[in-house]
Amino acid sequence: MASGNAIQSIRGMNDLLPDQMSTWQRVETALRNVARLYDYREIRTPILERTELFKRAIGEQTDIVEKEMYTFTDNNGDSLTLRPEGTASTVRAGNQHGLLHNQTQRLWYSGPMFRHERPQKGRYRQFHQFGIEALGWHGPEVEAEVITVGERLWRMLGLTGLSLQINTLGSAEGRSLFRASLKDYLAPFEKSLDEDSQRRLEKNPLRILDSKDAKTQEILENAPTLQDFIESEEREHFETLQMLLSSAGVHFEVNPRLVRGLDYYTGFVFEWLTDQLGAQSAVCAGGRYDGLAEQLGGRSVPATGFACGLERLVELVSLNEANSLQDNPDVYLITQSADVEGAGVRIAEFLRNKDFKVVSGLSSSNLKKQLRRADGSGAGVAVIVPDRYISGSQLLAKPLRGQGEQREMPESDLEKFLRECTDQLP
């Protein structure tokens, strides 16, 4: 039992331990590869930003700004916030460094974000996001591209069973009319709404659609729908998007009540969902946010993107046993005495230069004990440097995963033998 004085991590801010890292690295490699395939370039922004950035971008009536941001005043009296999401910072950087003026940009980011939420499975106070942002394109073609990036990522990771829901929020004028109609409908039910929805009724009634309160959702069953206020041009745009997705072989469902929890979204929105993570069903979500660059002080720039929670994605990959990454070493190197440790170091480095993953036993204890450690390491082959070994004499190679009997061989034959063994591993 740990001492009562032992310092532990902050609640909701988790350590990633060595046993978890192979899956994380697999996911991160897939993220970089999918971004490369679609010619998205990486951008890195600060973890700390001015609080005003997120108030302007996300919306002051959202849960994130009202309840969840880590905000403090620094020694200069400035209000700073640990970034709760990545899109606002990416667009701020684009404005600041002139990346968006008369240009198009495909950008991606990945890194830690912070929200003071109730920690639960798949939801943490420090979490990691991967996001892509396509800046400068108006049409449904870029929206279809953003969707196919996600769909290809799932295939790269061998994930199945994710479902896609899409919707359109229509034009600013249509949303304004819908907002007024929804407010009029909800006004008689104000006292029956949950506390957050009562507060939002006056300033931001669309956020009520995102309420998780069962009674509020029951009231909303007969509410007007956004689809009644979609203009013909926006409807045609959305229908073209559906055609493009169908042409790409992407399956989807239109969910007319789908909204996003961030105020900067306009037009098309979507979510990728899973039923494998309990209540936390959304794995990836995004949409169009044409007004954000101007909202943050830049020129008007059309924009579409998504963000994906890496903790949930890693958990999905881990749940899929058929796709679990085995990160075992190829070789466990055993030296039988202190006299041959120099030879052991040289042989281990030679094998690493040939791209074998080698674990050195770093011990000259008895052979039986070292072989047990070799077997427990998951390595495919144990290479044994015998007592009084000199260059050119015989090494011992013992397959540990059923590829044959122990063999003696000169060092010059070792690479070929190991390649034959590792090729047979599952």
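The values are calculated or read from the model by the stated rules, or taken from the named source; none is laboratory data. Predicted model only: the values in this text are computed from it and were never measured. Backbone-built Cβ (ideal geometry, glycine too); neighbour counts: all protein chains shown.
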Worksheet item: Does residue 19 count as assigned to a helix (DSSP H, G or I), free of Cβ contacts under 8 Å to residues at least 40 places away in the same chain and surrounded by fewer than 12 Cβ atoms within 10 Å (Cβ to Cβ)?
Response: yes
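A quick yes/no check of all residues on (1) among the aliphatic types (A, V, I, L, M); (2) surrounded by fewer than 12 Cβ atoms within 10 Å (Cβ to Cβ); (3) at pLDDT below 95:
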| residue | (1), (2), (3) |
| --- | --- |
| 23 | no, no, yes |
| 32 | no, no, no |
| 48 | yes, no, no |
| 63 | no, no, yes |
| 71 | no, no, no |
| 81 | no, no, no |
| 86 | no, no, no |
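Conditions (1) part of a helix (DSSP H, G or I); (2) not assigned by TED's automatic domain parsing to the domain that holds residue 101, marked per residue:
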{"position": "208", "(1), (2)": "yes, yes"}
{"position": "217", "(1), (2)": "yes, yes"}
{"position": "222", "(1), (2)": "no, yes"}
{"position": "241", "(1), (2)": "yes, no"}
{"position": "257", "(1), (2)": "no, no"}
{"position": "269", "(1), (2)": "no, no"}
{"position": "301", "(1), (2)": "no, no"}
{"position": "304", "(1), (2)": "no, no"}
Discussion item. Tell me the residue from 107, 135, 169, 164 that is touching a residue at least 60 places away in the same chain (Cβ under 8 Å), of a type outside the set (Asp, Glu) and more than 21 Å from residue 301 (Cα to Cα), please.
Written reply: 164
Discussion item. I'm trying to understand the selection: among the residues of the stretch 57-83, which are in a loop (DSSP other than H, G, I, E, B) and either touching a His at 6+ places or on another chain (Cβ under 9 Å) or not assigned by TED's automatic domain parsing to the domain that holds residue 134 (or both)?
Written reply: 69
Worksheet item: Looking at (1) in contact (Cβ under 8 Å) with a residue 12 or more places away in the chain; (2) over 23 Å from residue 25 (Cβ atoms), which is the one condition that is false for residue 102?
Response: (1)
